[in-house]
Structures are given as structure tokens and as C-alpha cells.
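Below is one structure, written out as C-alpha cells; the observations come after it.
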Amino acid sequence: MATGISKNMKYNTFGLAWEQVKIFTDAFLDIAKKYNLIEIKLEEKIVQISY
């Protein structure tokens, strides 16, 4: 891992709407991919969340 890069990060998304959480995670993942910190391979899945 590069110098100055933290191995652990915590973010509080309490109080955010699901759309805001999606925007946050998309931005975070874009940055991580740009700097080759992660490689993501996702299968398309439908997730249903019920409360």
C-alpha cells in the first residue's frame, strides 16, 4: 500500500437517504478504482430491502 494511504476508514452515513448513500459509495469506489486500490467485479443482482 502506498505511503500515506490508510488501511482502514470509517464513514457515518446515518441520516442519509439511500440515494445519498449510493452517491457517496459510487464516488468512493471511483476514487479507489482510479488509484488502483481495488478491483471490483460485481454480478448483477436484485436486492429487495423491506422494513
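Restricting the first residue to the range 5-32 and requiring it to be exposed (fewer than 10 other Cβ atoms within 10 Å of the Cβ), which pairs with a second residue that is assigned to a loop (DSSP other than H, G, I, E, B) meet a Cβ separation below 9 Å and a spacing of at least six or different chains?
5/35; 5/37; 7/1; 18/49
I need the full set of residues from the range 11-49 which are at pLDDT 80 or above, more than 11 Å from the chain's Cα centre (by Cα), assigned to a loop (DSSP other than H, G, I, E, B) and not polar (S, T, N, Q), in order please.
Selection gives 14, 15, 16, 17, 35.
The values are calculated or read from the model by the stated rules, or taken from the named source; none is laboratory data. Remember, it's a predicted structure, so these values are computed and weren't measured experimentally. Positions of Cβ are generated from backbone atoms using ideal geometry, with glycine treated the same way; all protein chains shown enter the neighbour counts.
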